[in-house]
Amino acid sequence: MLGEYRISGRRASEIAASVERAVGSGELSPGQSLPPMRELAGDLGVNPNTVAAAYRALRERGVIETSGRRGSRVRPRPASTARESIRVDVPPGVRDLGKGNPDPALLPSLREALAAAARHNAARPGLYGQEPVDPEFARLARAAFDADGVPDGPVAVTSGALDAIERVLAAHLKPGDAVAVEDPGWGSLLDLIPALGLRAVPVALDDDGPLPAEVERALRAGARAVVVTGRAQNPTGAVVGAARAAELRAVLAGHPGVLLIEDDHGHGIVDEPLSPLAGVTDSWVFVRSVAKAYGPDLRVAMMTGDTVTLDRVMGRQRLGPGWVSRLLQRAVVQLWTSGAVDAAVVARAYGLRRDALVAALAERGVEAYGRSGMNVWVPVPDETGAVARLLHAGWAVAPGARFRMVAPPGVRLTVSTLTPQDIDPVADAVASATGPASRGRRYD
């Protein structure tokens, strides 16, 4: 079962470390089965509960997975190897379209916003014992949620969207539970789920978001949570419109016990209307980040949801970091109230670049996707070859392996820094790199 490798240790921590070392060195391969707990306990001369504790720790760290009678095995992609490591080293002279950053020229200056926050703090210093959410921040965030039809609920603040999603999943699920996720989808989320000891269940999507039949299949298979990106889906740019939202709400209504998480990270950079799903299930959260519109380094996201979920999240937050800096919250308030970002202008800028690239690729017979946001997804027959050929042509793109589970291969191009003069050269390079075999391929 293990070949030449022998797991060692007398304590649970030692046994877990022995397995993790072997996975890291390659002595235990992805998919390789581990001994049954009682068998390993006998070999090591320890109590089976000790091995059970070691396996539990490995599951929680995303190193192994357990599937009923099939036993435990090394995960196909251990969480200790983050998908962010699947990237292209960009040599000098090569344009980088792979990192997924917003255009710095479209981000506002933070000088006045931070100065206003400092002046507010000088008049009313932030101290222990105050509410974790600045009252004005909560009021403005709630008003924006109301304007988009998001159901009523309290407001919490976290250090980015991924922090919010992690806290919500941890508040509701236990190791081994399944989470339905978009495929292709956000690479960081696909890393986070196994790191929490959870199982990701892929859900195919098209330009209108997750396919209702796929969501139904995942929920019937036992998924206890589902994560949906309403707009600017990463990496495909899909948008959940009113018709698709109605279909998804009908599916979710048949599973009221499922946890629904909606990620609206594209707020402020898209002009597509929002069609929220929230409120159909008993447990739900709606997360909105300021990273794309105001700057990734602000590390501020707001969320609302049902009272039980928000109470759990905020209660646990108080026992850790306590709160997200109210100075940063006040800086965001200043950005909101000063009109530092014109969402329509930003959305139009990204839209022009994205649409131009998709159209140029279509003229060259290459199918590409990107209804909203700052990314374009191009299905390819050979990811490695396409990435290498594009790099040779002077363009670095993100390999699709960072974003997919069982979806067909593809590459992601971020259009943030493209100029009108760049469109044809990029399209020519992509068409040359992908070849005729990519014509007509889809990502679902």
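All of the numbers you see were taken from the coordinates with simple rules; none came from a lab. Computed from a prediction, not measured in an experiment: that's the story for all the values here. Reconstructed Cβ throughout: ideal geometry from the backbone, glycine too, with neighbour counts over all protein chains shown.
Couple of notes before you dig in:
- Ascending count of other beta-carbon atoms within 10 Å, so fewest first, for 411, 251: 251, 411
- Percentage relative contact order, the range 12-74, counting C-alpha pairs under 8 Å, at least six apart: 41 percent
- Exposure proxy ranking, count of Cβ atoms within 10 Å, fewest first, for 99, 174: 174, 99
- Debye intensity ratio I(q)/I(0), log10, the range 250-314, q values 0.12, 0.25 Å⁻¹ (C-alpha model): -0.36, -1.05
- Each part gets one Cα centre, and for the range 166-196 versus the range 264-295 those centres are 18 Å apart.
- 5, 55 arranged by Cβ crowding within 10 Å, fewest neighbours leading: 5, 55
- P(r) of the range 12-74 over all Cα-Cα pairs, binned every 5 Å from zero, in whole percent: 4, 20, 32, 28, 14, 2
- Across all directions, the average projected area of the convex hull around the alpha carbons of the range 111-338 is 11.7 nm².
- Ratio of Rg to Rh over the range 337-444 (Cα coordinates, Kirkwood Rh, two decimals): 1.01
- Placing +1 on each Lys and Arg Cβ and -1 on each Asp and Glu Cβ, with no other charges, gives the range 280-340 a dipole about its Cα centre of roughly 240 debye.
- Rounded to the nearest 20, the size of the Cβ-charge dipole of the chain about its Cα centre is 1160 debye, with Lys and Arg at +1 and Asp and Glu at -1.
- Residue (of 333, 347, 305) at the positive-pole extreme of the range 280-374, dipole from beta-carbon charges: 333
- Each of (1) 78, 28, 16; (2) 35, 31, 21; (3) 46, 23, 20 is a candidate for semi-axes √(5λ) of the Cα gyration tensor in Å; the one calculated from this structure is (2).
- Rel. contact order, % - alpha carbon contacts under 8 angstrom, at least six apart, the chain: 19 percent
- Sequence-separation-based contact order of the range 183-293, relative, with Cα cut under 8 Å and 6+ spacing, percent: 24 percent
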